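The values are calculated or read from the model by the stated rules, or taken from the named source; none is laboratory data. All of these numbers come straight from a predicted model, not from anything done at the bench. Using ideal geometry, Cβ is built from the backbone for each residue, glycine included, and neighbour counts are taken over all protein chains shown.
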Amino acid sequence: MIRKTRLFTPGPTPLLPAAQFAMAAADIHHRTPEFRALYERVLGQLKTFVGTKNDVLLLASSGTGAMEAAVSNLTSPGDRVLVLSAGKFGERWEALTKAFGCQVDLVSAPYGETLAPSEVKKALRPETKAVFVQATESSTGVRHDIQGIGRLLGESGSEALLIVDGITGLGTTKLDVDGWGVDVIIGGSQKAVMIPPGLAYLSLSERAWKAAETSKNPRYYFDLKKELKNAKKGESSYTPAVALIAALGAALDYIAVQGGGDLAAGRDALVENAETCAAMTRAAVEALGLKLFAPSAPSAAATAVLPPAGVDSGVIVKELKSRFAAIVTNGQGEMKGRIFRIAHIGLFDYMDTIAIIGALEQVAAANLNLPGFAFGQALAAAQQVFAERSAPAKTEKAPEPELAKA
């Protein structure tokens, strides 16, 4: 049979065709009225997509560039900060804050688990300047309780900024950025907005901008005050990724169409799509007899799965690729060979989810020797979840009007 390559990775994700066409047609200079109009429109759309009243900035970098900008612009050497870490990207926050001279307090959880609020509360100090955390930890398939962390900071009276890596969370997870007290949230282009890597975006609250006024850390390219000043004029501080910005505009237009022309509604539909695909996948995995790596706090960005005892997860990753051209990801770092991850970010839908589950059944039949295995078990479980989540809400039927008596 022919094989059609399909990405099931948590970034890069499958590209939106309309965004690819927009990139191909983006023959435009960045210091022209035409580009300024595009740039201002995209920045405005991003505010709606993120769900914030605050300004959103674009950077020509990966998401890690925006993470670095958040540290360098909002802290000073010697500042005490709190890093919440339960995976490779939590560890990245730790490395970044230490690189810029912060005194780092660390609350960590084992891979596959989320963070205990009691431990976070215990680690907060009056002098804590900022709290750094992921919305979803894509290295382990875990979702963190951003609402709960924001509430904890508010109730404790802490002045600490809440800085959230939402790179895989935005577009897969409900995030009330302003309502939950998130001061900085970061996104990346190769995730839910379905375009290639190379753009990062972030929003900053008024509290965050005040912190930027007193930050003593060095920066040049990632100078957010400079970036904001230029954004107000419809420009970037340095040469922007023109084609990617055109693609982003096309992607945000597409998301709006999914909401009947309302971008916020389209974003919510994108989140619900990810939640449904993730729920289908979790049900299928368990029906096969496999175990979820993060059962207590699973994310909708990616599902992490444990292989059977004695089986290297790389075998499953390689079999899916060689037999079906389906690209899933192995574990990272110490988890390599111990988990595999199936993503649900962006341009994945019901048909893609059914396809990867069917392929996983084939790999299981040939390679995993699962007790009681039968074809269709995983697919049936996924179908049931989809049916339940997509069923129209039942409404009570109005009583028939009584006929007038003769």
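Below are the figures for this structure:
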read-out	value
Residue within segment 141-148 that is closer than 29 Å to Gly331 by Cα, in contact with a helix residue (DSSP H, G or I) (Cβ under 8 Å, 6 or more places away or on another chain) and among the β-branched types (Val, Ile, Thr) present	no
Segment 257-275, subset over 16 Å from Thr168 (Cα atoms) and either in contact (Cβ under 8 Å) with a residue 60 or more places away in the chain or of a type in the set (Ser, Thr, Tyr) (or both), residue surrounded by the fewest Cβ atoms within 10 Å (Cβ to Cβ)	Ala264
The lone exception for Leu59 - which of (1) closer than 27 Å to Arg341 by Cβ; (2) more than 20 Å from the chain's Cα centre (by Cα); (3) among the aliphatic types (A, V, I, L, M); (4) modelled with pLDDT of 95 or more it fails	(2)
Matching residues, segment 15-34, being surrounded by 12 or more Cβ atoms within 10 Å (Cβ to Cβ) and in contact with an Asp or Glu (Cβ under 8 Å, 6 or more places away or on another chain)	Ala18, Ile28, His30
Check on Thr329, buried (at least 20 other Cβ atoms within 10 Å of the Cβ) and over 23 Å from Ala19 (Cα atoms)	yes
Pairs, first in the same structural domain as Ala246 (by TED's automatic domain parsing) in segment 26-39, second surrounded by fewer than 14 Cβ atoms within 10 Å (Cβ to Cβ) and assigned to a helix (DSSP H, G or I), C-beta under 7 Å, six or more apart	Ile28/Glu34
Flag if Pro77 is crowded, with 22+ Cβ neighbours inside 10 Å and not basic (Lys, Arg)	no
Considering residues of segment 195-249 that are charged (D, E, K, R) and within 26 Å of the chain's Cα centre (by Cα) only, the residue farthest from Gly51 (Cα to Cα)	Asp223
Enumeration of residues in segment 277-301 that are within 15 Å of the chain's Cα centre (by Cα) and in a helix (DSSP H, G or I)	Cys277, Ala278
Count - residues of segment 79-134 that are out of contact with any strand residue (DSSP E or B) (no Cβ under 7 Å at 6 or more places or on another chain), of a type in the set (A, V, I, L, M) and more than 19 Å from Gln147 (Cβ to Cβ)	3
Any chance Thr52 is within 16 Å of the chain's Cα centre (by Cα), β-branched (Val, Ile, Thr) and either crowded, with 18+ Cβ neighbours inside 10 Å or modelled with pLDDT under 95 (or both)	no
Residues located in segment 292-311, provided they are touching a residue at least 12 places away in the same chain (Cβ under 8 Å) and either more than 19 Å from Ala378 (Cβ to Cβ) or not assigned by TED's automatic domain parsing to the domain that holds Asn367 (or both)	Ser296, Ala297, Ser299, Ala301
Check on Ser138, closer than 19 Å to Phe49 by Cα and buried (at least 24 other Cβ atoms within 10 Å of the Cβ)	no
Extreme residue, surrounded by the most Cβ atoms within 10 Å (Cβ to Cβ), among residues of segment 333-385 that are touching a residue at least 40 places away in the same chain (Cβ under 8 Å) and in a strand (DSSP E or B)	Ala343
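Quick grid of which residues meet (1) in contact with a Lys or Arg (Cβ under 7 Å, 6 or more places away or on another chain); (2) surrounded by fewer than 20 Cβ atoms within 10 Å (Cβ to Cβ); (3) assigned by TED's automatic domain parsing to the domain that holds Ile163:
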position: Ser72; (1), (2), (3): yes, no, yes
position: Leu84; (1), (2), (3): no, no, yes
position: Asp105; (1), (2), (3): yes, yes, yes
position: Arg125; (1), (2), (3): yes, yes, yes
position: Phe132; (1), (2), (3): no, no, yes
